[in-house]
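Below: one structure, written as structure tokens.
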Amino acid sequence: MSLLPPSLVEAHTKPQRAARTAPTISQAWQQSWKGRPLQTRPGFLIRRLHQIHVALFTRECASEGLTPVQYSVLTALDHLVTADQATLARSVGLDRTSITDVIARLERRDLLVRTTSPRDGRLKLASLTPAGQALLARVDQAAQRAHDLTISALPAGRQRQFLDDLMQLVEAHGDAAALQSPTAD
């Protein structure tokens with residue numbers, strides 16, 4: 001049984017068919033990750049970039065005591081207006097337990113409010129409070145600086161492509177993220 005995803009096994013064993021159905025991988029990238037320095041592996045680099053972004057965001061938004069995860073939840077609610085916890089969790093890539101904890105923290109700070117759904121008494125709906133809306137307005141420029149700083153080392157012409165590539169990777173592996181979603185909150 002191969003540890004490679006089926007598309008990579010197929011690309012390696014059936015090159016003619018794979019050329020039409022799966023992306024090909026250069027010979028240099030087909031070697032085992034084991035022999036490569038840790039600093040060249042995608043998982044390590046993505047984790048490090050996440051750590052860097054969290055540090056930049058924390059520095060830029062320090063006056064508000066807001067974490068990137070909390071900011072994501074508030075921003076999602078700003079766009080959704082009202083959402084149940086499951087919808088909110090999916091929109092920010094968190095599991096139900098983590099979103100419940102984040103929502104409770106934000107509710108204690110009076111940044112959002114939970115109400116019972118008029119259609120289903122079992123559902124709790126979250127929405128921003130005026131204090132939550134005001135906080136988002138106050139941190140807007142600071143959060144933008146953190147995002148800009150995160151990708152500022154790339155030439156301006158490559159920043160959009162980098163973001164497009166990240167979105168493609170996240171979209172392609174979105175189901176895998178549902179298996180485990182640790183919170184950074």
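The values are calculated or read from the model by the stated rules, or taken from the named source; none is laboratory data. Everything numeric here is computed off the predicted structure, so don't read it as measured data. Here Cβ is always computed from backbone atoms with ideal geometry, including for glycine, and neighbour counts include all displayed protein chains.
For residues that are touching a helix residue (DSSP H, G or I) at 6+ places or on another chain (Cβ under 6 Å) and in contact (Cβ under 8 Å) with a residue 24 or more places away in the chain, scanning just region 144-179, find the one that is nearest to PRO42 (Cα to Cα).
THR150
For residues that are assigned to a loop (DSSP other than H, G, I, E, B) and surrounded by 14 or more Cβ atoms within 10 Å (Cβ to Cβ), tally how many sit in region 97-139.
Number of matching residues: 4.
Let me spell it out: the conditions are (1) free of Cβ contacts under 8 Å to residues at least 24 places away in the same chain; (2) under 29 Å from GLU171 (Cβ atoms); (3) assigned to a loop (DSSP other than H, G, I, E, B), and LEU94 meets all of them except one. Which number is the exception?
Unmet for LEU94, out of (1) free of Cβ contacts under 8 Å to residues at least 24 places away in the same chain; (2) under 29 Å from GLU171 (Cβ atoms); (3) assigned to a loop (DSSP other than H, G, I, E, B): (1).
Going through region 110-125 one residue at a time, which ones are hydroxyl-bearing (Ser, Thr, Tyr) and either under 27 Å from the mean Cα position of the chain (by Cα) or at positive phi (or both)?
Of everything in region 110-125, just one residue is hydroxyl-bearing (Ser, Thr, Tyr) and either under 27 Å from the mean Cα position of the chain (by Cα) or at positive phi (or both), namely THR115.
Of all residues in region 114-132, how many are of a type outside the set (Ser, Thr, Tyr) and touching a residue at least 12 places away in the same chain (Cβ under 8 Å)?
8
Which one of these is closer than 15 Å to LEU77 by Cα, of a type in the set (A, V, I, L, M, F, W, C) and touching a residue at least 60 places away in the same chain (Cβ under 8 Å): LEU135, LEU111?
Criteria check complete, one pass: LEU135.
Hey, PHE162 hits all of (1) closer than 19 Å to LEU80 by Cα; (2) at pLDDT 90 or above; (3) not acidic (Asp, Glu) but one; which does it fall short on?
Condition (1) is where PHE162 drops out.
Just one of the numbered conditions (1) under 22 Å from HIS50 (Cβ atoms); (2) loosely packed, with under 12 Cβ neighbours inside 10 Å; (3) modelled with pLDDT under 95 is not true of ALA153; which one?
Every listed condition holds for ALA153 apart from (3).
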